[in-house]
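K.L.:
Encoded as structure tokens, here's the structure I'll be asking about.
The values are calculated or read from the model by the stated rules, or taken from the named source; none is laboratory data. Computed from a predicted model, the values in this text were never measured in an experiment. No Cβ is skipped: glycine too gets one built from the backbone with ideal geometry, and neighbour counts run over all protein chains shown. Surface areas here come from the heavy atoms of the whole protein model, side chains and all, with no ligands, DNA or RNA. Shrake-Rupley method; radii C 1.70, N 1.55, O 1.52, S 1.80 Å.
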Amino acid sequence: MKTITLNASVTASNERDADALRARMRACGTLLVNVMSSPGAGKTTLLSRLIRDLDGIRIAVMEADIESDVDAKRIEALGASSIQVHTSGMCHMDAGMTAAAFDELQQTLPCSQAIQLPSAQNLPCSQGRGTALKGGGGVKGGGWVRPDFDLIFLENVGNLICPAEYDTGAGLNLMLLSVPEGDDKPLKYPLMFQKSDALIVTKTDTLRYFNFDLSKCEARARALNPNLKIFPVSAKNGEGMDKLETWLKQQMDEFR
Amino acid sequence: MHEMGIVLHLAKTLDETAEENKLSSIGKVVLQIGEVSGIMTDLFTDAWDYFKVRHPILKDSTLELETLPAVTWCDSCKSKYETVKYGRECPYCHSGETWLIQGDECVIKEIEAE
Ligand SMILES: Nc1nc2c(ncn2[C@@H]2O[C@H](COP(=O)(O)OP(=O)(O)OP(=O)(O)O)[C@@H](O)[C@H]2O)c(=O)[nH]1
Ligand SMILES: [Mg+2]
Ligand SMILES: [Zn+2]
């Protein structure tokens, strides 16, 4: 027996996977955006709105849930590519799972076919099935045409804690906080606010019903993360969406 | 479950270490877990015991957990204090300009292996 001193993070392997995926996404010219929030904060509704508004941008969505494929079906109904990922009970997506989901997306599975991840290890991280892919341009309507995407959203598992602890390999991390959840959340879940590039305060159409102080929330969030971009929006009436969309387009341009 | 997810990541990191160092069996794993890492150590041990018997290289291993105390630094009066006892507000000057400097980590300190 010998003793090996490691002093390595338990998730060191995940950090390596994440860097590898980021390099791969960069080579594809696709910006991967990790979207995190508590359950029901409005992730799928916001993404649906973005898909409708961002005309001409090739968007795909990876829906991560412990169960069901209702969210992927909602995205698919809008004509965007979507894939449902089941996390096998896991409370977050990690980089290996995200890479596997990206592989599946690149193979253009028939829309929203759920892939079941056996466990966080032994994932097929290389190019999966060996179907010959012809052409390009993300043609929809079945078949095996390789899609190229400008923007891929990963809708992470609804949870304000664990997803913040795992780098998914995304180029951009967004968190949503909905008005009904309250303006004290930066105090209770600091890590999520620290790890995000932007905070999107959703459901602003409900501000008059709740004691949500937007400026207090902003001050608390910025105390944790001075560089945080903050966008108050309502996906319901469209308020604030233009600023968010302009910023997203800028991020895509900078990424390329 | 959160703890099982951490065990899976730990196992993957250990697999990679074993491959790099040409190890065939891991005898002991020493982890340092911060007081405010959010990890429940009894759940973590249960998850580990469940997992290790299904993972040949870890089959005969034991897990040793060391707790790292949580320490907060106050930017206003430049002092350190115990996080768990006093929270975010500095007990000396009552400032809220405070930062956790230790206690949220989960680190593999060392392993014994052959
Ligand atoms: N008033 C209002 N309601 C909204 C808005 N956005 C979403 N909702 C509602 O909030 C509820 C949850 O929205 P979803 O988009 O499913 O939330 P989610 O974050 O995707 O939920 P999970 O995937 O289950 O975590 C639905 O009833 C939406 O109609 C908004 O801007 N304003
Ligand atoms: Mg959803
Ligand atoms: Zn002080």
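K.L.:
Can you tell me which residue within segment A:217-240, out of those that are surrounded by fewer than 20 Cβ atoms within 10 Å (Cβ to Cβ) and aliphatic (A, V, I, L, M), is farthest from ligand 3 (Cβ to nearest atom)?
P.N.:
If we take residues in segment A:217-240 being surrounded by fewer than 20 Cβ atoms within 10 Å (Cβ to Cβ) and aliphatic (A, V, I, L, M), then A:I230 is farthest from ligand 3 (Cβ to nearest atom).
K.L.:
Mind checking whether some residue in segment B:56-68 is within 10 Å of another protein chain (Cβ to nearest Cβ) and of a type outside the set (G, A, S)?
P.N.:
So far as segment B:56-68 goes, no, none of its residues is within 10 Å of another protein chain (Cβ to nearest Cβ) and of a type outside the set (G, A, S).
K.L.:
Further, regarding this structure: Given the options A:L187, A:L117, A:L176, name the one that is open to solvent by less than 20 Å² (accessible area, probe 1.4 Å) and at pLDDT 85 or above.
P.N.:
A:L176
K.L.:
When B:V29 is evaluated against the numbered criteria (1) more than 9 Å from chain A (Cβ to nearest Cβ); (2) out of contact with any Leu (no Cβ under 8 Å at 6 or more places or on another chain), which criterion, by number, is the only one it fails?
P.N.:
(2)
K.L.:
Mind checking which pairs have a first residue in segment B:2-20 that is more than 7 Å from chain A (Cβ to nearest Cβ) and in contact (Cβ under 8 Å) with a residue 24 or more places away in the chain and a second that is open to solvent by less than 10 Å² (accessible area, probe 1.4 Å) and part of a helix (DSSP H, G or I), Cβ under 6 Å, 6 or more apart or different chains?
P.N.:
Taking only residues 6 or more apart or on different chains, the pairs are B:E3/B:F44; B:E3/B:A47; B:M4/B:A47; B:V7/B:A47; B:V7/B:W48.
K.L.:
Scanning for something within 21 Å of A:V157 (Cβ to Cβ) and part of a helix (DSSP H, G or I), does segment A:80-94 turn up at least one residue? Show your work before the answer.
P.N.:
Our first condition is that a residue be within 21 Å of A:V157 (Cβ to Cβ); within segment A:80-94, this holds for A:80-94.
Now drop any that are not part of a helix (DSSP H, G or I), which leaves none.
No, there is no match, as no residue in segment A:80-94 is within 21 Å of A:V157 (Cβ to Cβ) and part of a helix (DSSP H, G or I).
K.L.:
What residue, among those in segment B:30-50 that are in contact with a strand residue (DSSP E or B) (Cβ under 6 Å, 6 or more places away or on another chain) and part of a helix (DSSP H, G or I), is nearest to B:A70 (Cα to Cα)?
P.N.:
Looking at residues that are in contact with a strand residue (DSSP E or B) (Cβ under 6 Å, 6 or more places away or on another chain) and part of a helix (DSSP H, G or I), I get B:T41.
K.L.:
Taking segment A:192-216, which residues are out of contact with any Lys or Arg (no Cβ under 6 Å at 6 or more places or on another chain), buried (at least 17 other Cβ atoms within 10 Å of the Cβ) and either closer than 21 Å to A:A164 by Cβ or touching a residue at least 40 places away in the same chain (Cβ under 8 Å) (or both)?
P.N.:
A:M192, A:F193, A:K195, A:S196, A:D197, A:L199, A:I200, A:V201, A:T202, A:K203 - these are the residues of segment A:192-216 that are out of contact with any Lys or Arg (no Cβ under 6 Å at 6 or more places or on another chain), buried (at least 17 other Cβ atoms within 10 Å of the Cβ) and either closer than 21 Å to A:A164 by Cβ or touching a residue at least 40 places away in the same chain (Cβ under 8 Å) (or both).
K.L.:
While we're looking at this one, here's another question. Among the residues in segment A:79-86, are any small (G, A, S), open to solvent by less than 20 Å² (accessible area, probe 1.4 Å) and in contact with a strand residue (DSSP E or B) (Cβ under 9 Å, 6 or more places away or on another chain)? Explain how you work it out, then say what you get.
P.N.:
First, pick out the residues of segment A:79-86 that are small (G, A, S): A:79-82.
Subset that is open to solvent by less than 20 Å² (accessible area, probe 1.4 Å): A:80, A:82.
Next, only the ones that are in contact with a strand residue (DSSP E or B) (Cβ under 9 Å, 6 or more places away or on another chain) stay: A:80, A:82.
For segment A:79-86, residues small (G, A, S), open to solvent by less than 20 Å² (accessible area, probe 1.4 Å) and in contact with a strand residue (DSSP E or B) (Cβ under 9 Å, 6 or more places away or on another chain): present.
K.L.:
For segment A:43-67, which residues satisfy the criterion of being open to solvent by 10 Å² or more (accessible area, probe 1.4 Å) and more than 9 Å from ligand 1 (Cβ to nearest atom)?
P.N.:
A:I51, A:R52, A:D53, A:D55, A:G56, A:I57, A:R58, A:I59, A:I66, A:E67
K.L.:
May I ask you to verify whether A:S68 is within 13 Å of ligand 2 (Cβ to nearest atom), modelled with pLDDT under 90 and assigned to a loop (DSSP other than H, G, I, E, B)?
P.N.:
Yes: the conditions hold for A:S68.
K.L.:
Being crowded, with 19+ Cβ neighbours inside 10 Å and assigned to a loop (DSSP other than H, G, I, E, B) is the filter; apply it to segment B:99-114 and report the residue that is nearest to the other protein chains (Cβ to nearest Cβ).
P.N.:
In this case the residue turns out to be B:D104.
K.L.:
Next question. In segment A:14-42, which residues are within 25 Å of A:Q194 (Cβ to Cβ) and either without any contact (Cβ under 8 Å) to a residue 24 or more places away in the chain or open to solvent by 10 Å² or more (accessible area, probe 1.4 Å) (or both)?
P.N.:
Once the filter is applied, which keeps residues that are within 25 Å of A:Q194 (Cβ to Cβ) and either without any contact (Cβ under 8 Å) to a residue 24 or more places away in the chain or open to solvent by 10 Å² or more (accessible area, probe 1.4 Å) (or both), segment A:14-42 yields A:E15, A:R16, A:D17, A:D19, A:A20, A:R22, A:A23, A:R26, A:S38, A:P39, A:G40, A:G42.
K.L.:
In segment B:79-98, how many are within 24 Å of B:T41 (Cα to Cα) and either facing another protein chain (nearest Cβ under 8 Å) or not hydroxyl-bearing (S, T, Y) (or both)?
P.N.:
The total comes to 5.
K.L.:
Return the only residue of A:A170, A:A164 being assigned to a loop (DSSP other than H, G, I, E, B) and away from ligand 2 (no atom under 16 Å from the Cβ).
P.N.:
It is A:A170.
K.L.:
To continue, here is another question. Residue by residue through segment A:199-216, note down the ones that are of a type outside the set (V, I, T) and within 16 Å of ligand 1 (Cβ to nearest atom).
P.N.:
Result: A:L199, A:K203, A:D205, A:L207, A:R208, A:Y209, A:F210, A:F212, A:L214.
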